[in-house]
Amino acid sequence: MATFLYRVGRWAFRRRRLVGGVWLGVLVLAVAAAAMAPAGEEEDLSMPGTESQKAFDLLDERFPQSNAQGAEARLVFQAPDGQRVTARENKAAVEDTLGSLEGGDQVASVTDPYETGAVSEDGTIAYSTITYAADAVDLTEATKSALEDAADQARDAGLTVEIGGSALEAEEAPGGTTELVGVAVAAVVLVLALGSLVAAGLSLLTAFVGVAIAFGLVSALAVPLGLTSTVAILALMLGLAVGIDYALFITSRFHDERTRGSEPEEAAGRAVGTAGSAVVFAGATVFIALVGLGVVGIPELTKMGMGGAGAVALAVLVALTLVPALFGFFGRRVLPRAVRRAVAPKGEHPHRARAGAGRPGLGVRWARFVLRRPVAVLLVAGLGLGAVAVPVLSLELGLPGDESKSVETTQRRAYDLLSEGFGPGFNGPLTVVVDMAESPDTRAATDLVVRTLRGVDGVASVGDPVLNQAGDTAIITAVPHTAPNSGETKDLVNTLRDTASGIEADTGADVLVTGKTALNIDISEAMSDALIPYLAVVIGLAVLLLTAVFRSVLVPIKAALGFLLSVGAAFGVLVAVFQWGWAADLLGIEQTGPVMSLMPILIIGIVFGLAMDYEVFLLTRMREAYVHGASPGDAVVSGFRHSGRVVAAAAIIMISVFAGFIGMSSPTIQTMGVGLASAVAFDAFVVRMAIVPAVLALLGRRAWWLPRILDRVLPNVDLEGEALSRPAPASATGPDAAVRPLPVGRD
């Protein structure tokens with residue numbers, strides 16, 4: 001692979017105008033396709049195969065005139081202090097407001113709170129449910145404006161009015177202030193790491209090209225593939241982070257090669273052949289882990305994985321081709337001032353920079369410190385990560401609803417008013433679907449279900465059955481005493497489903513418990529069940545890949561255990577922040593609750609690949625030194641001398657990019673930002689920079705041991721670019737010549 005990528009790097013350097021023109025054309029086409037495509041629409045989460053989803057599918061079939069998962073709004077009215085909504089003036093204002101909505105476009109029904117009993121016991125709060133004939137994503141702006149105008153009409157009459165439900169849900173748009181701060185931090189780190197404004201700008205430019213193309217493609221395919229704004233934001237987040245890092249790694253290696261005296265084209269080829277090989281491996285691990293999210297069975301998670309994987313693949317392609325092409329465009333300006341002094345201009349004979357002059361860098365000093373005290377460093381780092389991971393024992397999974405939104409939103413205020421007037425469980429009603437197609441007595445079946453539901457502890461109220469036109473399916477609403485995301489509500493759903501089996505045996509009717517709350521519970525349970533198997537697959541993949549790359553048994557095991565530590569600590573941070581509320585105010589998180597159920601698996605998939613990034617870039621230089629005769633300790637120091645600063649810079653860049661998304665209002669994106677930023681920080685600076693050298697110091701030469709049988713079976717991946725270590729014969733020194741690799745023995 002190193003030889004092939006070496007050819008790619010040299011070709012891109014020579015054909016820089018062609019490469020730049022192709023990428024510019026792709027960028028223009030992607031942006032044009034996104035501009036012409038219809039706007040993407042948000043979709044409800046679904047979980048095929050669960051009882052909740054089966055019930056929703058049945059409702060769509062038996063109630064074709066309605067939409068089981070369609071748009072719904074709740075207008076919540078609160079009377080002024082000391083008054084009741086049942087007072088004549090307030091009642092008239094409510095009825096006038098609701099009358100303005102009846103018969104509107106896309107409106108299926110509007111309930112009257114005075115006829116349905118939707119008035120609180122103290123008479124201060126009432127609500128009306130407006131159902132629509134279309135999904136929330138299909139509501140027109142005119143329909144949404146009519147709803148907001150109706151609320152303003154009641155407010156003008158002196159009432160407090162808030163709007164809940166899905167009708168006013170809006171997409172989360174990227175591009176806020178916090179993201180710009182993250183990019184600014186990345187730019188500063190790039191300048192410090194590369195020592196050149198041009199080189200820093202090159203890394204940012206190539207990352208933006210890849211991100212713009214990925215974002216454009218996601219936007220263009222949003223409607224045909226059903227991609228949501230979350231998919232686009234994840235693609236933006238990942239593409240920006242890995243795009244900058246991959247360009248940084250290749251540019252840094254290009255600097256090293258030029259310092260050693262290589263000609264620009266040769267340096268570009270060697271940079272892509274060595275650092276580019278590691279980029280391909282690292283990108284492939286992220287890609288595989290993200291695509292693997294599809295096995296969980298949640299369509300939205302599959303789309304997020306595919307969108308993120310596509311962005312990573314684009315970042316790899318851009319790094320391997322556009323980055324070396326830009327080396328040719330910018331010439332010596334890519335190099336730091338010290339390197340420009342060390343190499344001669346074009347046409348003069350290059351000379352080597354003095355290596356090792358001056359005081360050792362921070363990375364070298366840190367490596368030597370760890371080698372002197374490996375046990376102490378290992379204990380402090382390991383116990384520290386273990387302590388941070390302790391909160392994960394209290395991990396609760398759920399899906400955020402209106403209760404997680406800012407108190408500045410009308411949805412959150414409507415949620416709070418309904419909880420105040422009708423109890424916390426009112427915001428998470430359960431829908432019981434009774435399929436009586438095989439039941440001999442439909443009336444007896446529905447009556448039995450209603451009586452049974454009313455006798456279950458934890459059920460606050462049970463509504464009257466609503467039958468379809470054929471009379472073979474009934475919908476019954478049961479309101480819990482407890483809030484939607486509480487453990488008691490989860491237990492209640494399981495109790496109702498256990499109770500339903502007895503009803504089915506007595507009546508022949510099929511009883512299904514569904515609703516948004518039940519679906520969220522089903523998805524959370526599916527995520528919990530899939531977490532350990534997915535983690536096992538990811539860890540197994542990591543061990544196999546790293547065994548082939550580093551030709552070692554103990555190095556991959558150490559890497560996998562370190563990955564578990566960093567992921568566990570990241571989950572501990574999520575629990576502490578989002579469940580316990582630690583530093584929640586500082587991060588702008590206004591409501592604590594369960595961790596979003598999609599996050600653990602998503603974070604595992606992403607962090608797995610990113611952790612392999614740092615493992616590969618740090619240890620390839622260590623192994624390269626070791627196979628060339630350095631002692632195990634000297635090999636560790638060599639790895640930090642050449643890669644420590646770059647890996648640290650890459651980690652800071654990735655942390656700043658991920659942290660930049662914490663300021664967004666979407667709980668999903670906030671959770672993702674906190675989880676990824678903390679996971680990268682733990683993995684890069686604690687695991688890779690402290691635990692890894694400490695373990696290698698303790699293992700010594702045993703760290704690089706590989707059984708002979710595996711040595712014969714495993715392919716030689718050659719990320720270190722051993723095939724490029726000898727120059728080509730004189731007959732192959734033309735501008736189109738490629739390195740002719742000599743056989744490399746196995747260690």
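Nothing in this text is a laboratory measurement; each read-out follows from the coordinates by a stated rule. All values derive from a computational prediction rather than experimental measurement. Note that each Cβ is placed from the backbone with ideal geometry, even for glycine, and that neighbours are counted across all protein chains shown.
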Cα centroid distance between the stretch 121-172 and the stretch 557-589, in Å? 37
Cβ-derived FRET efficiency at R0 45 Å, A33 paired with T495, nearest 0.05: 0.35
Using a simple spin-label model with points 7 Å from Cα along the Cα→Cβ vector, what separation in nm is obtained for T116 and R451? 2.8
Any lysines whose Cα falls less than 20 Å from that of K490, other than same-chain ones fewer than 8 residues away, would be K54, K516
Using 0.36 nm times the number of residues separating L383 and V407, minus their current alpha carbon distance, what extension gain do you get? 4.8 nm
Testing the spin-label approximation: label points 7 Å from Cα along Cα→Cβ at L362 and D464. State their distance in nm. 7.3
Between helix 177-194 and the chain, what is the angle of the helix's C-alpha long axis to the longest principal axis, kept within 0 to 90° and rounded to the nearest 10? 10
At most 14 other Cβ atoms within 10 Å plus a DSSP loop assignment makes a site exposed; report the longest stretch of the chain without any exposed trypsin sites (Lys or Arg not before Pro). 355-745
Computed label-point distance, nm, for sites A583 and A376 using a 7 Å Cα→Cβ extension: 2.7
Cα-based helix-to-principal-axis angle, 88-101 vs the chain, degrees rounded to 10: 60
Given the DSSP H assignment, sum -39500 (n - 2.57) over each helix run of at least 4 residues in the chain and divide by its residue total; what's the result at 222 nm in deg cm²/dmol, nearest 500? -19500 deg cm²/dmol
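Between D57 and E504, what's the calculated FRET efficiency when r is the beta-carbon distance and R0 is 22 Å? Round to 0.05. Mind dumping the intermediate values first?
Details: r = 18 Å, r/R0 = 0.83.
E between D57 and E504, to the nearest 0.05, is 0.75.
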Taking a point 7 angstrom from the Cα of E89 along the C-beta vector, which residues in the stretch 108-130 have backbone N less than 20 Å away? 123-126
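In nm, what is the difference between 0.36 nm times the number of residues separating E148 and L205 and their Cα-Cα distance?
16.2 nm
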Placing unit charges on C-beta atoms (Lys and Arg positive, Asp and Glu negative, everything else neutral), compute the dipole magnitude of the stretch 65-165 about its Cα centre in debye, rounded to 20. 200
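Relative contact order for the stretch 430-514: what percent, with Cα pairs under 8 Å and sequence separation of 6 or more?
It rounds to 42 percent for the stretch 430-514.
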Using 0.36 nm times the number of residues separating E420 and R155, minus their current alpha carbon distance, what extension gain do you get? 93.5 nm
Proximal lysines relative to K91, as straight alpha-carbon distance under 24 Å, when same-chain residues fewer than 8 apart are discounted: K144
Checked against the structure, the computed mean projected area of the Cα convex hull in nm² among (i) 31.9; (ii) 33.8; (iii) 36.4 is the one labelled (iii)
Distance between the stretch 476-506 and the stretch 634-687 - C-alpha centres, whole angstrom: 43
If R₀ is 41 angstrom, what is the calculated FRET efficiency for the pair A133 and L395, using the beta carbon separation as r and rounding to 0.05? 0.55
Using alpha carbons only, how many degrees (0 to 90, rounded to 10) separate the axis of helix 487-507 from the longest principal axis of the chain? 60
